[in-house]
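Data first, discussion second: the structure below is written as structure tokens.
The values are calculated or read from the model by the stated rules, or taken from the named source; none is laboratory data. Predicted, not measured: the structure shown is a model, and the values here were computed from it. A quick note on method: Cβ atoms are made from the backbone with ideal geometry, for glycine too, and the neighbour counts reach across all protein chains shown. Heads up: the accessible areas ignore ligands, DNA and RNA and are worked out on the full protein's heavy atoms, side chains in. Shrake-Rupley method; radii C 1.70, N 1.55, O 1.52, S 1.80 Å.
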Amino acid sequence: MSFSDFLDPEQQDWRATCHRFVDEQITREYVRDCDMERRYYTEGYAKLAAGGYLGLLIPEKHGGASGTTLAYALLCEAMGKYGVDFAIAACVSTFSAMNLIHYGTDEQIDQFIPRYLDGSVCFCVAISEPEAGSDAAATATRAVRDGDHYVLTGLKQWCSGSSAAGEHLFALARTDPAAEKHAGLSVLL
């Protein structure tokens, strides 16, 4: 029994569409060249945007397709077939865009989501810290409000997607140090 045996015909068609897109538009050679040259997948990201793939999870009212999580998982499977880093590059930006959709202000959504959808904005995210490992709730980086902005103090292990052109950073920080471990955290843009 294969994975596609668990999918209905529409889902199988979508999966085939995603794989065909990656085979024809992204290609094994492109992913390999980007990896070998240590360069960001700028052209591939632009092709995802042009094909409407970046908007899969974005609600229609914001210009997206209102797709399902399974449809996005099938897209991610296809994007990762020649190298997981290509899929992660797109997923990091989608993760950040979805945070904007769910938690951002109307002004932030209006400012960033159309530009995310057309590929002119890529997001990067800084969560992991040296002493926290993979436990995001162990974040020690602090964000303290100072007037109309925040001052961040701390150290991040890495910043996923940071080599993207036109990047905007999402950083996880502790805004309420008195709160329990899994509370008092904010994602700042």
Q) When segment 133-157 is examined, which residues are found to be at pLDDT below 85 and in contact with a Ser or Thr (Cβ under 6 Å, 6 or more places away or on another chain)? A) Gln157
Q: Test Tyr103 against the criterion of being under 29 Å from Phe3 (Cβ atoms) and open to solvent by 50 Å² or more (accessible area, probe 1.4 Å), and give yes or no.
A: no
Q) What pairs come up if the first residue lies in segment 81-92 and is on the phi > 0 side of the Ramachandran plot, the second is crowded, with 20+ Cβ neighbours inside 10 Å, and their beta carbons are under 7 Å apart, counting only those six or more places apart or on different chains? A) Gly83/Val31
Q: Answer yes or no: is there a residue in segment 169-182 that is closer than 28 Å to Leu57 by Cβ and exposed (fewer than 12 other Cβ atoms within 10 Å of the Cβ).
A: yes
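Return the residues of segment 138-189 that are among the β-branched types (Val, Ile, Thr) and more than 30 Å from Gly44 (Cα to Cα); say none if nothing qualifies. Spell out how you get there, then give the answer.
Within segment 138-189, the subset among the β-branched types (Val, Ile, Thr) is 139, 141, 144, 151, 153, 175, 187.
Matches in segment 138-189: Thr139, Thr141, Val144, Val151, Thr153, Thr175.
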Q. Which residue pairs have Cβ atoms closer than 6 Å, lie 6 or more positions apart in sequence or on different chains, and pair a first residue in segment 4-17 that is touching a residue at least 12 places away in the same chain (Cβ under 8 Å) and in a helix (DSSP H, G or I) with a second residue that is surrounded by 15 or more Cβ atoms within 10 Å (Cβ to Cβ) and among the small types (Gly, Ala, Ser)?
A. Trp14/Ala71
(Q) Looking at Ser66, Ser120, can you tell me which residue is farther than 25 Å from Ser163 by Cα and assigned to a loop (DSSP other than H, G, I, E, B)? (A) Ser66
Q: Would you be able to tell me the number of residues in segment 68-110 that are in contact with a Ser or Thr (Cβ under 7 Å, 6 or more places away or on another chain) and of a type in the set (D, E, K, R)?
A: 0
Q) If you go through segment 123-132 one residue at a time, do you hit one that is closer than 28 Å to Leu48 by Cβ, open to solvent by 40 Å² or more (accessible area, probe 1.4 Å) and of a type in the set (Val, Ile, Thr)? A) yes
Q) Restricting attention to segment 68-100, which residues are open to solvent by 40 Å² or more (accessible area, probe 1.4 Å), among the aromatic types (Phe, Trp, Tyr) and touching a helix residue (DSSP H, G or I) at 6+ places or on another chain (Cβ under 9 Å)? A) Tyr82
